[in-house]
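The values are calculated or read from the model by the stated rules, or taken from the named source; none is laboratory data. These figures come from a predicted structure and were not determined experimentally. Glycine gets a Cβ as well: all are built from the backbone with ideal geometry, and neighbour counts include every protein chain shown.
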Amino acid sequence: MGPVMSCVTENTPQSANILTRSLFLLLLLGVFPSEALLFLSVMTNYLSLALSLSFLFLPPFCTNSLFLFFSSSPPQASKIDSLRSKVDLLRLPLALSTKSISNRKSQLGVVWEKGGGGGSWAGGARKPRPPPASDMDNESMYSGYSYKSSHSRSSRKHRDKRDRHRGKSRDSSIRGDKSVTIQAPGEPLLDAESTRGDDRDDNWGETTTVVTGTSVDSVSNEDLTRMSKDLEDSSPLECRRYLSPALGAVLGLFALVTPLAFLALPQLLWRDTLEPCGTPCEGLYISLAFKLLILLISTWALFLRSPRATLPRFFIFRCLLLALVFLFVASYWLFYGVRVLEPRETDYRGIVGYAASLVDALLFIQYLALVLLEVRHLQPAFCLKVVRTTDGASRFYNVGHLSIQRAAVWVLDQYYSDFPVYNPALLNLPKSILSKKMSAFKVYNLGEENSTNNSTGQSRTMIAAAARRRDNSHNEYYYEEAEVERRVRKRKARLVVAVEEAFTHIKRHQDEDATASSPKHPREVMDPREAAQAIFAPMARAMQKYLRATRQQSYHSMESIINHLQFCVTHNMSPKAFLERYLSPGPTLQYLDTTRGRQWTLVSEEPVTAALRQGQVFSLRRLDFSLVVTVAPLPFLRLGEEFIDPKRHKFVMKLQSETSV
Amino acid sequence: MSAGQAFAVVVQRIEIRKLRHGDNLILGFSIGGGIDQDPGQNPFSDDKTDKGIYVTRISQRGPAEEAGLRMGDKIMQVNGWDMTMVTHDQARKRLTKKNEDVVRLLVTRKSLEEAVKHSMGSYPRQ
């Protein structure tokens with residue numbers, strides 16, 4: 001890189017020098033690692049920095065190392081110091097110590113010497129590989145947790161593609177087991193309100209018919225812990241997740257306004273000296289206008305969506321694209337500033353052509369964004385097996401090429417609609433089977449063994465005795481299971497009959513009946529809510545007993561049942577349709593009230609921006625259960641062909657003849 | 001056994017003298033099988049793809065029974081003609097040639113194999 005740079009300095013004139021150096025600087029700042037807010041502060045100082053550095057470029061740039069470049073002259077060091085102080089003021093997380101900044105600088109220097117630019121900077125699509133992470137391990141322990149707060153608001157799944165560049169190569173430089181968080185909008189499964197409602201109304205079944213006994217439910221410890229868990233569950237500080245889409249929108253707006261500014265500035269500033277340009281310019285105006293319109297519409301369609309998940313690490317493709325956009329726009333502005341604004345260029349047609357080329361480039365970047373963000377992962381390449389750790393519910397899904405964090409978000413989307421709801425009450429074997437006490441065997445040693453063998457021998461015999469004794473527990477389990485199943489089926493039968501009978505009590509009131517029946521006796525006309533309440537009473541007891549038997553009583557309060565009944569009555573549903581909600585545990589989404597976020601933690605042995613590979617395992621953890629995801633590649637299919645002529649389908653009878661000779 | 005493969009079995013020679021019964025010369029047994037028949041229906045064969053000719057019935061005190069033919073025997077040759085790859089009709093024709101009085105059959109049955117093995121086991125081969 002050094003020799004290349006020196007060639008550049010010798011052969012080209014000064015302005016192009018400044019241009020190329022500023023572009024290299026842009027590349028440097030844009031692509032190599034930097035902290036989010038560090039970069040933000042750099043951007044805010046960008047213009048001043050660019051101008052000042054352009055004077056400073058000349059002597060030190062001939063050296064090979066950027067480290068020397070940064071530290072060679074006092075004004076540059078003061079720039080770095082001012083940046084550092086700004087960083088402290090903004091109160092970055094733990095990992096951003098001065099040590100890490102010096103690490104960064106040495107890393108930059110090292111990579112620069114390795115020829116990290118390499119001439120392919122123009123593509124921008126290459127991901128830089130940082131130096132081996134052994135020297136970065138000292139900060140890896142902090143980064144996983146401390147970056148939860150800063151990164152969670154800076155990476156989104158579906159935000160606007162134009163955003164500030166984040167230090168994306170940080171992700172790949174840090175290795176080790178870490179857990180980072182994904183927040184998905186949603187709500188805790190057990191609404192605090194519904195549990196409280198349960199506690200009040202849990203004996204509603206008994207009071208509506210005959211009082212047979214007292215309800216044994218009360219606010220137990222479990223409910224309290226559950227409620228406190230729900231409060232922890234909700235995602236804090238809702239406005240933080242809109243911060244980076246807002247920044248992205250700013251960049252996007254800036255990029256969209258740029259061509260118009262390119263066109264408008266000459267007209268405003270030196271209108272008199274401009275060469276008039278007729279029809280070709282107008283043609284370019286029209287194409288410019290339509291391309292901008294198409295850009296606007298497609299940006300709205302593709303990228304302006306509210307984010308559905310906050311990812312723990314940067315979304316690499318999106319960062320790449322934002323960096324690309326920023327580079328394009330900045331370099332176009334730079335060139336414009338140097339070539340057009342300063343010398344007050346009079347060839348207006350050239351300026352319009354320049355603006356049109358910028359719009360073309362933006363359209364192509366949008367095409368690239370479409371392919372990278374939306375299309376590439378559509379073709380299935382891997383099969384993910386998702387298993388819930390508590391009850392073994394599992395599903396298989398086909399996904400395409402994704403990074404681990406994107407795959408995790410996708411899996412969670414499917415989880416909420418595919419997996420039956422997690423019911424902690426259904427998990428455990430009855431205590432009577434599991435906690436068979438070991439009988440108190442008193443073991444006497446006969447005096448030959450010494451005391452060191454004593455305890456192990458004793459425990460071994462006790463374990464052996466206990467193992468022999470436990471032979472009958474499977475028997476008990478079997479009978480207990482059969483008993484439970486029989487009870488559930490009996491209650492289900494009673495419930496179905498009660499609901500069917502209840503539904504026969506009402507029918508839809510037709511308007512033409514009104515005139516017929518009103519002279520005889522006025523029938524009471526009810527709205528759906530009243531009708532639901534009217535027919536709820538006969539089925540309430542059976543419903544409650546059934547819910548108790550299947551341990552679902554915490555998910556359905558009386559209020560929710562009456563609401564559902566009202567809904568079914570309004571839409572002319574049959575009793576069976578009303579019951580489908582209670583007879584089988586539905587997907588988790590059914591029990592969610594989607595106003596609050598759900599907190600998930602992604603636990604992975606590899607950095608979460610790594611692409612999916614065969615044999616990877618990662619897990620998504622919630623407070624009381626987790627989903628373990630295993631990645632397997634889809635097999636390669638060799639498809640052959642065989643042509644069968646339809647006329648070749650012929651048959652004969654099977655002969656079995658016996659001849660006597 | 002599939003077509004074309006060589007095999008070796010222990011065979012027994014049986015000579016049956018045809019009996020004149022009215023206008024016909026009869027042998028006193030019935031055959032089944034053939035390459036045009038369904039081998040899966042054969043109750044006597046071990047290998048259900050064997051399409052050879054099998055003896056399915058022997059009439060009491062007929063010439064076949066007296067000559068030593070048993071039910072379930074597979075006929076390998078008749079008078080030198082091969083019977084392992086013939087159609088049912090061809091087999092019938094070779095057995096009922098009007099100008100032959102005697103048919104010399106080579107038959108095989110499972111008990112023959114075991115008897116030979118048993119005898120070879122007890123007596124060392126010279």
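Among the residues of segment B:67-77, those that are assigned to a strand (DSSP E or B) and either surrounded by 22 or more Cβ atoms within 10 Å (Cβ to Cβ) or among the polar types (S, T, N, Q) (or both) comprise B:K74, B:I75, B:Q77. Taking segment A:386-472 and the helices (runs of 4 or more DSSP H) fully enclosed by it, no element has 1 or more residues that are touching a His at 6+ places or on another chain (Cβ under 9 Å), among the acidic types (D, E) and modelled with pLDDT under 85. For segment B:49-66, filtered to residues that are farther than 22 Å from B:K98 by Cβ, among the polar types (S, T, N, Q) and part of a loop (DSSP other than H, G, I, E, B), the residue that is modelled with the highest pLDDT is B:Q60.
Within segment B:59-80, which residues are within 11 Å of chain A (Cβ to nearest Cβ), touching a helix residue (DSSP H, G or I) at 6+ places or on another chain (Cβ under 8 Å) and under 16 Å from B:A91 (Cβ atoms)? Listed by number, the residues that qualify are B:I75, B:V78. The residues of segment B:83-126 that are among the basic types (K, R), within 13 Å of chain A (Cβ to nearest Cβ) and either touching a residue at least 40 places away in the same chain (Cβ under 8 Å) or assigned to a loop (DSSP other than H, G, I, E, B) (or both), listed by number, are B:R92, B:K97, B:K98. A:F567 fulfils the conditions (1) within 14 Å of chain B (Cβ to nearest Cβ); (2) surrounded by 13 or more Cβ atoms within 10 Å (Cβ to Cβ) except for a single criterion, (1).
Rundown of residues vs (1) surrounded by fewer than 19 Cβ atoms within 10 Å (Cβ to Cβ); (2) of a type in the set (G, A, S); (3) closer than 16 Å to A:L612 by Cα, yes/no style:
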site	(1), (2), (3)
A:Y336	no, no, no
A:V371	yes, no, no
A:H377	no, no, yes
A:H401	yes, no, yes
A:A408	no, yes, yes
A:V411	no, no, yes
A:Y415	no, no, no
A:N423	yes, no, no
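Only one of the numbered conditions (1) part of a loop (DSSP other than H, G, I, E, B); (2) within 11 Å of another protein chain (Cβ to nearest Cβ); (3) touching a Leu at 6+ places or on another chain (Cβ under 6 Å) is violated by B:I35, and that is (3).
Here is a yes/no grid of residues against (1) away from every other protein chain (no Cβ under 14 Å); (2) aliphatic (A, V, I, L, M); (3) surrounded by 16 or more Cβ atoms within 10 Å (Cβ to Cβ):
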position	(1), (2), (3)
A:P607	yes, no, yes
A:Q614	yes, no, no
A:V617	yes, yes, no
A:E642	yes, no, no
A:H649	yes, no, no
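Right, B:D46: at the interface with chain A (Cβ under 8 Å from one of its Cβ atoms), outside any strand (DSSP E or B) and surrounded by fewer than 17 Cβ atoms within 10 Å (Cβ to Cβ) or not? Against the criterion (at the interface with chain A (Cβ under 8 Å from one of its Cβ atoms), outside any strand (DSSP E or B) and surrounded by fewer than 17 Cβ atoms within 10 Å (Cβ to Cβ)), B:D46 does not qualify. Could you tell me whether any residue of segment A:582-600 is over 30 Å from B:P63 (Cα atoms), of a type in the set (D, E, K, R), away from chain B (no Cβ under 14 Å) and crowded, with 17+ Cβ neighbours inside 10 Å? Checking segment A:582-600: at least one residue is over 30 Å from B:P63 (Cα atoms), of a type in the set (D, E, K, R), away from chain B (no Cβ under 14 Å) and crowded, with 17+ Cβ neighbours inside 10 Å. Pairs are defined by a Cβ separation below 7 Å, a sequence spacing of at least 6 or placement on different chains, a first member in segment A:627-641 that is under 23 Å from A:W410 (Cβ atoms), and a second member that is among the small types (G, A, S) and not in a strand (DSSP E or B); the pairs so defined are A:V631/A:G615; A:P633/A:A381; A:L634/A:A381.
Within segment B:2-19, identify whether any single residue is in contact with a Pro (Cβ under 7 Å, 6 or more places away or on another chain), crowded, with 17+ Cβ neighbours inside 10 Å, in contact (Cβ under 8 Å) with a residue 24 or more places away in the chain and within 14 Å of chain A (Cβ to nearest Cβ), and answer yes or no. Checked against the condition, which is being in contact with a Pro (Cβ under 7 Å, 6 or more places away or on another chain), crowded, with 17+ Cβ neighbours inside 10 Å, in contact (Cβ under 8 Å) with a residue 24 or more places away in the chain and within 14 Å of chain A (Cβ to nearest Cβ), segment B:2-19 yields at least one hit.
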